[in-house]
Structures are given as structure tokens and as C-alpha cells.
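Have a look at the structure below before the remarks.
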Amino acid sequence: MINKRLLIKNLLAHNDECSFYDKKRQLNLHTKEGKAKFLKHICALSNSNPSNNSYIVVGVEDSENEIVGDDFFDDSRIQNLVNAYLENPPKIQYENVPFPNLPKDKVVGLVTIKPKSKTSSFKKNIHTIFANQVFVRRGSNTTPTEEKIPYSKQNIETVISIENNSRNSISNTLDSVIDFVNNSHKDMTSGYKVFKELFVICWAGIPKKIRNKSFLSRVDIELVNEQVKLFYSAQDVVSIDFDQDTFTIIEYVPLGLNDKTSYYPLEQQKISFYDNGYYKIEIEMLFEPPQYNRKMMFHIYNSNISLLTKLQKELDLTEREENELKNVPSTLMICYLNGFDDAKQKLIDAKPLLKLYKNAEVYINFKEVMRVLRKVKYNKINE
């Protein structure tokens, strides 16, 4: 069982970026340009290292190799993005890995690209990349090529050595459980559960009752054996259920207008553990967005766009408008889910303004909304 935190440290210590390893400060999958860059690197690493796992580490300053972290990114359907644009797409996995020196809401992202024998290429245009283009790694650079790519086994020993040096130990597991409960979440209710005498899941959150049902808010859930954060949210609430073989997380998203908030089931994540040391994660989208009167939504949509316009023009906001601004991301999401197709792009365009706003809660709300919209999007279509 590989400890992903050790794996990241060993990748960073190994050498500079190469044909099986790349590092990024952050991913931006809100835009076509950001998606294109990500897909280009997936394509190149897969083609240049077909016989081993390849890795992208997200949340590292390139020049200094400093671990600075990035936002928790729980888009399990990122595979759909790869499948939609790449011919012979590799299987990929995105995991969130906590580090002790980072704030609780920051992690290091680890993208694992599984080995495959066939050459990957783009099957349709995206941003400045055209259909049928093929990319490879030459040292630390990702470049297009028209040459036939030979099957390579050059990195087998190196990658196996790095992965073997990243295996977990009982000491690491015990230290991680103690740190999670006593240090990282000492101000919260926490718990842990051992599955199959091998896997340990820890969780922490603030208990709350909503209509006689028990939830946790500000939730943090980790599979500590592999140092993988399974769930993190600053806002949404979850319910947790488990038995001897499974651990189930149901995430709820608060939505409403005019201070009337209800909690809607968003997604179920079920982890099943087996006696052979294997586990499987199954994810099911549960979301049914609320529908509102079209005439009322039109008025609300225009009001929110006017507020963003006022912010863009650097006009002073009234106290009431400052409070309304905190709800603009979730309100525009409701508008988008009710047929106002421009609402999502208007929100994305406003990201720089919301990020710099004096009340940090505004940008936190923006990030939470974009996380939910990503899940909804990749559940419905492959883009």
C-alpha cells in the first residue's frame, strides 16, 4: 500500500520534471485553455511512459520546488474529460493529499496516469490544440510530434524504486491517526474506523441536526493508510454511515432563495473494502436541483448581474448589497440550473473580482459553487 505523501516527497526529491513526472502550481479546469493544458500533459506523459505509472503533482512552486498546496479538488469525473478529448485515453486518478505544514483547506493534488500500450492523440479540437495532434515529453517539456512513438520501457526500474520507497508502515499509520484526532482536528468531534484489519478511515466535523437528521459540517475525511483526503468542505454538510465492509458518505448542498435554505442530496460516495487488501470507490450522483418560477428567477438573475457590474465598476456597495454578494455564487448556480445558461459563465468571469473582495467568504462561496457545478456537469455530459 503506497503512502501518497511519501510518494510525492520522493517524486519531488528524485529530479526535475521528466518523461514520467510533471508538477504544477495549480489546475484551472474552468476554461478551455486550462483544460487544454491539462489534457496536453496527460497525453504527453502517457505516450512517453507507456509501461509505468506517470504522475502530475499539483500545488508545487516550480522554481523552488516548494509545497504550497492547492484547493481540495474532488472531481472524480475528471476521467470523463480525458475520455471526451483523447483517442486511446489512459486511465487517470486524482487524489488529494494533506501535508502537515499546509492550512486545513489546502492539499497537494496527485494525478496518477496508468500505463497503456496504444498512443494517445486528440480526437477533437480544444483551444489551440487540433484534432489528431500527438504530444510527448522531451525532458521537462511537452511538445507535439508527428513521428511514430516507439514503445518504451526506459523508466521501469526508476518508477518501481520510487513507489517501493513510498510503501506505508504501521508507524506511519498510527502517527497519522494520532495527528488527525489530537492535532489537526482537536476542536472538532472526530472518529475512526478500521476495515479488514488493514484500512483506517478518520473523520472530523461539527455535528448538527437538521429536521431531526444528524449531519456533520466543516467535514474532513481521510483514508490515512494512503494519506488521501476523501472529502473536505468548508460549507456543505454530509451524513456518514458504515458497517464492517463499507463506508458511505452522502454530501448535501444548501440551496435556496430569500433566506429559505434547504439541503439537497448531491452525491453518494461508497468505499467497499475486501479481504484481499483491495478497496473500491463507487460514486453516484443524487442531485435534483430545485425549480422556481421563471418570472421570479428572471428578476433575481438581473439583480445579481447588476450587483456584479457595480462591483466591476468599483462602486461602493451598501451594507445590504455586501450581504447579498455573499450569496451571488449560489444564486447564480440556481439560475443556471433553472435554464439561465449564461449564469455560469457570468460567475466564472467574475472570479477575479470575487477573489480580491475584502470579505473572504465571498470567494469561498464561489469555489464551493464551482465544485458542485463541476460534479453536475461531468455527471451529465462528457466535455
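The values are calculated or read from the model by the stated rules, or taken from the named source; none is laboratory data. Here the structure is a predicted model, which means the values were calculated and not measured. Methodologically, a virtual Cβ is constructed for each residue, glycine included, from the backbone with ideal geometry; neighbour enumeration extends over all protein chains shown.
If you take the residues in the stretch 309-329 that are surrounded by fewer than 22 Cβ atoms within 10 Å (Cβ to Cβ) and under 25 Å from the mean Cα position of the chain (by Cα), which one is nearest to LEU373 (Cα to Cα)?
Within the stretch 309-329, the match that is nearest to LEU373 (Cα to Cα) is ASN327.
Is there any pair with a first residue in the stretch 182-196 that is free of Cβ contacts under 8 Å to residues at least 12 places away in the same chain and not assigned by TED's automatic domain parsing to the domain that holds ASP105 and a second that is surrounded by 14 or more Cβ atoms within 10 Å (Cβ to Cβ) and among the aliphatic types (A, V, I, L, M) whose Cβ atoms are under 8 Å apart and which are 6 or more apart or on different chains, and what are they?
Short answer, once both residue conditions are applied: VAL194/VAL200.
Looking for something surrounded by 12 or more Cβ atoms within 10 Å (Cβ to Cβ) and out of contact with any Pro (no Cβ under 9 Å at 6 or more places or on another chain) - is there at least one such residue anywhere in the stretch 250-258?
yes
Being polar (S, T, N, Q) and surrounded by fewer than 16 Cβ atoms within 10 Å (Cβ to Cβ) narrows it down to one of THR112, THR143, THR119, so name that one.
Selected residue: THR143, the only one of THR112, THR143, THR119 that is polar (S, T, N, Q) and surrounded by fewer than 16 Cβ atoms within 10 Å (Cβ to Cβ).
Given the criteria modelled with pLDDT of 90 or more, not assigned by TED's automatic domain parsing to the domain that holds LYS35 and not in a loop (DSSP other than H, G, I, E, B), does PHE340 qualify?
Spelling it out, it is not the case that PHE340 is modelled with pLDDT of 90 or more, not assigned by TED's automatic domain parsing to the domain that holds LYS35 and not in a loop (DSSP other than H, G, I, E, B).
Against the definition (among the small types (Gly, Ala, Ser), assigned to a helix (DSSP H, G or I) and not assigned by TED's automatic domain parsing to the domain that holds LYS106), how does SER214 come out, yes or no?
In short, no.
In the stretch 36-56, how many residues are crowded, with 21+ Cβ neighbours inside 10 Å and either in contact with a helix residue (DSSP H, G or I) (Cβ under 7 Å, 6 or more places away or on another chain) or not assigned by TED's automatic domain parsing to the domain that holds THR119 (or both)?
7
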